[in-house]
Amino acid sequence: MKIPAVFVMVAMLAGCASTPQGLRVTDLRDQRYFRGDYTIPLSFAKIQAALFKHEAACGSAPVFALDPRQTSYATIIDKPAGQTSYENAIVADLTFYQSTLMSEPRSRAHVYSYYADSATQQRIEQLFAAIAHPEVCP
């Protein structure tokens, strides 16, 4: 009877050992990692086009991804090349707002990052500069 219990324990430990370590994108969406709200006076299509232009001009750019279930939500992730953890990533959750009589179409970004130092703040500013001026490389 003890032999099956040993196999179950070994299988459980093997499962724990195979899970990836590090910070996940869902972990970053915590209030303690919140780094600010930003308004981008562009639609998602124009933001994505700007990031494509930035990638063509500079060789790399943050990754833009629409939420597969909600077309008014998207995410921009700026992560150093080759990293699987989100410890050094900057995540911007976007919400698109249609134009009204009082305002033009715009997007609102909630920015998250694990670190809150001046280098991270500079990377956040570079992310928005890549959208505003895609032809200028940092």
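Every read-out reported here was derived from the displayed coordinates using simple, explicitly stated rules and does not represent laboratory data. No experiment lies behind these values; they were computed from the predicted model shown. With ideal geometry, Cβ positions are generated from the backbone for all residues, glycine too; neighbour counts draw on all protein chains shown.
A few comments on the model shown:
- In this label model, Thr39 and Leu101 are separated by 1.9 nm, measuring between points 7 Å along each Cα→Cβ vector.
- With both labels modelled 7 Å from their Cα along Cα-to-Cβ, the Lys46 to Arg24 distance reads 3.6 nm.
- Separation in nanometres of the label points that stand 7 Å from Cα toward Cβ, at Leu66 and Glu87: 3.5 nm
- Hydrodynamic radius by Kirkwood, which averages 1/r over all alpha carbon pairs of region 35-132, in angstrom: 13.9 Å
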